[in-house]
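**Q** My structure is below; once you've seen it, I'll send some questions.
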Amino acid sequence: MTESTETVTLDLTVNGRTHQVELEPRELLVDVLRERLGLTGTNLGCETTSCGACTVLVDGRSVKSCTMLAVQGQGRDVRTIEDLADGEVLHPVQAAFQRCHGLQCGFCTPGMVMASVSLIDEGRATDEQSVRAALKGNLCRCTGYQNIVAAVLSAAQEIEADR
Amino acid sequence: MTPVPFAYRRATSVQEAISLLTEHGEEAKAIAGGHSLLPIMKLRFAAPELLVDLGGIPDLDHIRVEGDEMVLGALARHSDLELSALLREEVPLLAHTAGLVGDCQIRHRGTLGGSVAHGDPSADLPATLVALRATVVVDGPGGRRTVPVDHFYTGFLETALAPDELVVELRVPRTGDAPWGYQKFRRRGIDWAIVGVAYQSEPGAGGIGLVNMGPTTLRAAAAEEALRAGADPAQVAALADQDTAPVGDASGSPEYRRHLARVLLSRALAGRNSS
Ligand SMILES: Cc1cc2nc3c(=O)[nH]c(=O)nc-3n(C[C@H](O)[C@H](O)[C@H](O)COP(=O)(O)OP(=O)(O)OC[C@H]3O[C@@H](n4cnc5c(N)ncnc54)[C@H](O)[C@@H]3O)c2cc1C
Ligand code: FES
Ligand code: FES
């Protein structure tokens, strides 16, 4: 087939802005975010759906952007860590990670935070055990997880109280 | 880790997807959640020339009651099944199993249809569908047909689907609060099952599906028969690995897997579920 090296023009909505990108269908969402849109807050760790560093929100739900084609994002609402804070005001999950010391080197943090926003929204942050289960797709090599779990529970409480 | 180049078409209906697959034959592949297909394409174990994206087809992610069955659209995601209050009430075994697939992010992308069509014997949902005696609803150029799940898996990663056929729906009986159990044994929370066992007591005298005990998802037929004949749970569980053919690999030997199947079935029969 001759069409296999084709490029396509994609309208991709990221953080509320629609970008027109010309790309090959084989390009992964994470690479398009980082290399083409300059949104390097989303990290690339394992590239094999294991570590969660590349987690972004697609239509409000956590997704590993190393295992999604950018073209699959057509017509969807992609949100990255860059869009979470409101100016200088941190999102409650970001604030809780800071308050509870939920990070050390910070490499896993964007993915942890995005995964946490999603799991809190889905009502999974009921207790320590459920938070640990819901975060099992996110690896951290520094913290030992204790403070991350505390941060998620603290943020969930705050978000719930604000509802 | 980028796949080799391919062409991409986004189908807007089941019919359009089938036409594209028919037109391009063996070189084309459907993609739903992409969580089985993309990893192997990234490793370049698969290199389809055309991907037909099912993700934009509307109204194929339904979860609804029809008579004494639940009807589930192929594009229903694992997390949709897991969190559906209706499914948790009507077929709790299926909702529970969906919640054990991978992690939250994987469950937000992976679909029921993709899991069924991929034909991986280490997948969780197919074993539960065997226990439930589900029916796979298939659509293709010749129209719709139904395939009992027992006739769907024909070999390792092989199914009864023609290259231009799609899974469109799954039909499962409404079991309500009849006893069930799902046991998934793995070393870490994110791992696939080393062995898994799905047990559902109704309808009839019960169904038992096995994960990773052979080249396909298997039914524990001998154990089911003992159950129907009124054998006690220990006798039933002892038959879990009869007529299976588990492989040996880094996760365990065939003997270890046989032992696990028996232990896990005894737990599942007691209504114990792994979390
Ligand atoms: C890190 C990781 C861990 C995982 N852990 C588990 C686990 O513990 N248990 C488990 O069961 N699964 C696990 N999975 C697999 C996951 O459940 C997949 O989402 C699922 O198996 C495939 O669904 P999909 O929609 O992603 O299919 P895709 O990857 O899009 O497609 C898979 C195959 O099915 C075909 N296909 C897709 N939809 C249809 C359709 N409607 N009709 C016909 N053919 C179709 C495709 O052509 C392809 O051949 C894991 C995946 C990853 C990446
Ligand atoms: S980089 Fe995507 S999960 Fe690790
Ligand atoms: S803070 Fe370093 S990997 Fe998590």
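**Q** Could you work out the percent of alpha carbon pairs in chain A separated by over 22 Å, rounded to a whole number?
**A** Summing the P(r) of chain A above 22 Å gives 41 percent of all pairs.
**Q** Also, quick follow-up: Where does the charge balance sit around B:VAL4 when Lys and Arg score +1, Asp and Glu -1, over other residues with C-beta under 12 Å from its C-beta?
**A** Value of the local net charge: +1.
**Q** With only Lys, Arg, Asp and Glu charged, each at its Cβ (+1 for the first two, -1 for the last two), find how big the charge dipole of segment B:180-269 is about the Cα centre; round to the nearest 20 debye.
**A** 340
**Q** Could you work out what % of the accessible surface of chain A is carbon and sulfur, using a 1.4 angstrom probe and leaving DNA, RNA and ligands out of the count?
**A** 45
**Q** Could you compute how much accessible surface B:ILE63 exposes when probed at 1.4 Å, giving the result in Å² to the nearest 10?
**A** Surface accessible to solvent at B:ILE63 totals approximately 40 Å².
**Q** Each residue of segment B:158-169 in order: what ³J(HN,Hα) in whole Hz does its phi give by Karplus 6.51 cos²θ - 1.76 cosθ + 1.60, θ = phi - 60°, with x for Gly and Pro?
**A** Working through the residues one at a time gives 10, 9, 6, 6, 6, x, 10, 10, 10, 7, 10, 8 Hz.
**Q** To continue, here is another question. Can you sort A:CYS108, A:CYS46 by 1.4 Å-probe accessible area, starting with the largest?
**A** A:CYS46, A:CYS108
**Q** While we're looking at this one, here's another question. Provide the net charge surrounding B:ALA162, with neighbours chosen by a C-beta distance below 15 Å and charges set as Lys +1, Arg +1, Asp -1, Glu -1.
**A** Taking every Cβ under 15 Å from that of B:ALA162, the sum is -4.
**Q** Taking just the alpha carbons, could you work out the radius of gyration and Dmax for segment A:8-83, both in angstroms?
**A** 11.0, 30
**Q** Using only protein heavy atoms and a 1.4 Å probe, report how much of B:HIS24 is accessible, in Å² to the nearest 10.
**A** B:HIS24 has an accessible surface of roughly 40 Å² with all protein chains in place.
**Q** Can I ask one more? Of A:LEU69, A:THR48, A:LEU12, which is farthest towards the positive pole of segment A:8-83's charge dipole, taken about the Cα centre with +1 and -1 on the beta-carbons of Lys, Arg and Asp, Glu respectively?
**A** A:THR48
**Q** With θ set to phi - 60° and the Karplus curve 6.51 cos²θ - 1.76 cosθ + 1.60, what are the ³J(HN,Hα) couplings of segment A:50-63 in order, to the nearest whole Hz, using x for Gly and Pro?
**A** Coupling constants for segment A:50-63: 9, 9, x, 4, 8, 5, 10, 9, 10, 6, x, 10, 5, 8 Hz.
**Q** Moving on to the next point. With a/c under 1.5 counting as rounded, go ahead and sort segment B:1-65 into rounded, prolate or oblate using the C-alpha gyration tensor (a ≥ b ≥ c being the square roots of the eigenvalues; past the cut-off, prolate if a/b is larger than b/c, else oblate).
**A** Since a/c reaches 1.5 but b/c is at least a/b, the shape of segment B:1-65 is classed as oblate.
**Q** Let's see if you can work this out: charge +1 on each Lys and Arg Cβ, -1 on each Asp and Glu Cβ, no other charges. What is the dipole magnitude of the protein assembly as shown about its Cα centre, in debye to the nearest 20?
**A** 1220
**Q** Another question, if that's okay. Among the GluC sites (Glu not before Pro) within segment A:3-46, which fall in a DSSP loop and have no more than 16 other Cβ atoms within 10 Å of their own Cβ?
**A** A:GLU6
**Q** Tally Lys and Arg at +1 and Asp and Glu at -1 over the other residues with C-beta under 11 Å from the C-beta of B:ALA205: what net charge comes out?
**A** With Lys, Arg at +1 and Asp, Glu at -1, the neighbours total -2.
**Q** Now a separate question. Across 5 Å bins from 0, what is the distribution of all Cα-Cα pair distances for segment B:63-173, in whole percents?
**A** With 5 Å bins starting at 0, P(r) equals 2, 13, 25, 27, 18, 11, 3, 0.
**Q** Quick one: longest stretch of chain B between exposed loop chymotrypsin sites (Phe, Trp or Tyr not before Pro), exposed meaning at most 15 other C-beta atoms within 10 Å and loop per DSSP?
**A** Here the longest run is B:157-275.
**Q** Give the B-A buried accessible area in Å², both sides summed, 1.4 Å probe, nearest 100.
**A** Adding both sides of the contact gives about 3200 Å².
**Q** Please determine, in degrees from 0 to 90 and to the nearest 10, the orientation of helix B:254-269 with respect to the longest principal axis defined by the Cα atoms of chain B, where the helix direction is its Cα long axis.
**A** It is inclined by approximately 80 degrees.
**Q** List every residue whose amide H lies under 5 Å from the amide H of A:ARG61, counting only residues 5 or more places away in sequence or on a different chain, with H placed 1.01 Å from N in the peptide plane.
**A** Hits under the 5 Å cutoff: none.
**Q** Next question. Membrane-span-like helices in chain A: DSSP H runs reaching 15 Å or more (Cα, own axis), mean Kyte hydropathy at least -0.5?
**A** Helices meeting the criterion: A:109-121, A:146-162.
**Q** When the dipole is taken about the Cα centre of chain B, and only Lys, Arg (+1) and Asp, Glu (-1) are charged at their Cβ, what size is it in debye, to the nearest 20?
**A** Roughly 820 debye for chain B.
**Q** Give or take rounding to whole Å, what are the principal axis extents of the alpha carbon atoms in chain B, in descending order?
**A** Rounded to whole Å, the extents work out to 55, 45, 32 Å.
**Q** How many partner chain Cβ atoms sit within 10 Å of a residue's Cβ in peptide A:19-31, on average, as a whole number?
**A** 3
**Q** Could you sort B:ARG272, A:ARG132, A:ARG26 by their accessible area in this structure, using a 1.4 Å probe and putting the largest first?
**A** Output order, biggest surface exposure first: B:ARG272, A:ARG132, A:ARG26.
**Q** Ordering A:HIS101, B:HIS259, B:HIS62 from largest to smallest accessible area (1.4 angstrom probe), what's the sequence?
**A** Order by accessible area, largest first: A:HIS101, B:HIS259, B:HIS62.
**Q** Would you kindly derive the ³J(HN,Hα) couplings of segment B:38-44 from the backbone phi angles with the Karplus curve 6.51 cos²θ - 1.76 cosθ + 1.60 (θ = phi - 60°), listing them in order in whole Hz, with x for Gly and Pro?
**A** 4, x, 6, 6, 5, 7, 6
**Q** Can you give the convex hull volume per residue for the Cα atoms of the protein assembly as shown, as a whole number of Å³?
**A** Looking at the protein assembly as shown, the number lands at 143 Å³ per residue.
**Q** Rank B:ILE18, B:THR216, B:VAL137 by how far each Cα sits towards the positive end of the charge dipole of chain B (+1 on Lys, Arg Cβ; -1 on Asp, Glu Cβ) and give me just the farthest.
**A** Of B:ILE18, B:THR216, B:VAL137, it is B:THR216.
The values are calculated or read from the model by the stated rules, or taken from the named source; none is laboratory data. Quantities reported herein were computed from a predicted structural model and do not represent experimental measurements. Here the Cβ is made from the backbone with ideal geometry for all residues, glycine too, and neighbour counts use every protein chain on show. These accessible areas exclude ligands, DNA and RNA; they are computed on the full protein's heavy atoms, side chains included. Shrake-Rupley method; radii C 1.70, N 1.55, O 1.52, S 1.80 Å.
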